[in-house]
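The values are calculated or read from the model by the stated rules, or taken from the named source; none is laboratory data. In this text the structure is predicted, and so the values were computed from the model without any measurement. Note: ideal-geometry Cβ built from the backbone for every residue, glycine included; neighbour counts use all protein chains shown.
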Amino acid sequence: MNTYYEKLLGGRQGAIGLLVLGALLIVVFPLLFDSFRLNLVGKYLSYAFVAVGLVLCWGYGGILSLGQGVFFGVGGYCMAMFLKLEASDPISTRIQSTPGIPDFMDWNQITSLPAMWQPFHSLPLTLLLVIAVPTLLAFVIGVAMFKRRVGDVYFSIVTQAIAAILSILIIGQQGLTGGVNGITDLKTMLGWDIRTDSAKLILYFVNVGLLLVCILIGRYILTSKLGRLLMAMRDKEERVRFSGYDVASFKVFVFCVAAAFSAIGGAMFTLQVGFMSPSFVGIVPSIEMVIYAAVGGRMSLLGAVYGTLLVNFGKTYFSETFPELWLFLMGGLFIAVVMYFPNGIAGLYESHGRKYLARLLPSGRAKAKATEKNDTSRQSAVPAEGVYLETAK
């Protein structure tokens, strides 16, 4: 029991952090915001799936992927295809030349549903494909890159290129994907209207629940032997390889996990926003998602969520309050974080917040005094010549 407690929750401190985040998302935000704002928060949290995955593959694995928007978009498109087929029943599309197919296909003179769309008539199969297709794509990319020891900046450039290629491909295949407009006018899921306020509230809580599950999975990975190997590979990859471990396989695994998390976020984005377009697949959104993880702290799963919320709240506030200056204000925010808080929000808490909170609690004050006393006694034990205590012993 203690083992699972340590691995899933990260001990007492991890459990408290997860509890605070859960209370904020499940209790505070629904009470604080109206339906419109809460739906915006749900949209932001769908990006947090990507940031959590980046903590795993970038923060701990040292794999900086600048193409996570690819997996976010593929997962979103898989969900959008199911919803679009449901909205394109023969009765609703009876005015088309070919009823029963999406409207953009009819506009492009396609007379039958393409084979790649056929599996998306089934919701269980769609949910499987939401995770399976991006994960398989990540596996192919990972094997091609990591087995050939392509890493560091070269891997980042390759992922950027893949994001650009997929975005261009989606726009070019207008008859299959909706082109630059994407897949829009998504209304129901199994007859349930996802556009109502009550539906958006339910989808928000589903989104929060899935995000917390992904955080628990990520924490389990990081507290296991695999997590320690990931950090070892990030710092001394050759030493891990010479120790007999298959470094490429570990990299492929964590890259696939991050892709699966991103795909879940993309599917939840589609459900909550009601459309999916190639603008979420390209290079710019992928880089923004890296910024979310950097602002929150690339070594903290919870910090990634806070970073995502902070950046997106900032974008919304600045664009509403200072419509002509908001891009400059957001740029200033990013520069300030990089210069003064290189470890993000989580690093700021580690360096200042934890000590402050510890001093507020009685047990924390006693512990701080004991630590201070201990440090003073150690310093007095060091010889005047500056020889370390361990050396003196």
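Data for the structure
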| read-out | value |
| --- | --- |
| Tally of residues being among the hydrophobic types (A, V, I, L, M, F, W, C), in a loop (DSSP other than H, G, I, E, B) and crowded, with 24+ Cβ neighbours inside 10 Å across region 36-87 | 1 |
| Number of positions in region 176-206 that are crowded, with 16+ Cβ neighbours inside 10 Å and hydrophobic (A, V, I, L, M, F, W, C) | 7 |
| Selection count, region 272-309, where residues are part of a helix (DSSP H, G or I) and of a type in the set (G, A, S) | 8 |
| Number of the condition not met by V27 [criteria: (1) surrounded by 24 or more Cβ atoms within 10 Å (Cβ to Cβ); (2) of a type outside the set (S, T, Y); (3) more than 19 Å from A304 (Cβ to Cβ)] | (1) |
| Residues of region 184-219 classified as under 23 Å from G73 (Cβ atoms), in a strand (DSSP E or B) and among the hydrophobic types (A, V, I, L, M, F, W, C), total | 1 |
| Qualifying residue in region 220-230 (condition: touching an Asp or Glu at 6+ places or on another chain (Cβ under 9 Å), within 30 Å of I16 (Cα to Cα), assigned to a helix (DSSP H, G or I) and modelled with pLDDT under 90) | yes |
| Qualifying residue in region 310-326 (condition: at pLDDT below 85, surrounded by 16 or more Cβ atoms within 10 Å (Cβ to Cβ) and assigned to a loop (DSSP other than H, G, I, E, B)) | no |
| Residue list for region 93-102, restricted to those being surrounded by 15 or more Cβ atoms within 10 Å (Cβ to Cβ) and either within 23 Å of the chain's Cα centre (by Cα) or of a type in the set (G, A, S) (or both) | G100 |
| Residues located in region 103-116, provided they are buried (at least 18 other Cβ atoms within 10 Å of the Cβ) and either under 27 Å from the mean Cα position of the chain (by Cα) or in contact (Cβ under 8 Å) with a residue 60 or more places away in the chain (or both) | F104, M105 |
| Residue selected from region 134-175 under the condition within 16 Å of F261 (Cα to Cα) and either of a type in the set (S, T, Y) or surrounded by fewer than 18 Cβ atoms within 10 Å (Cβ to Cβ) (or both), by the criterion nearest to the chain's Cα centre (by Cα) | T135 |
| Every residue from region 214-250 that is of a type in the set (G, A, S) and under 27 Å from G14 (Cβ atoms) | G218, S224, G227, A232 |
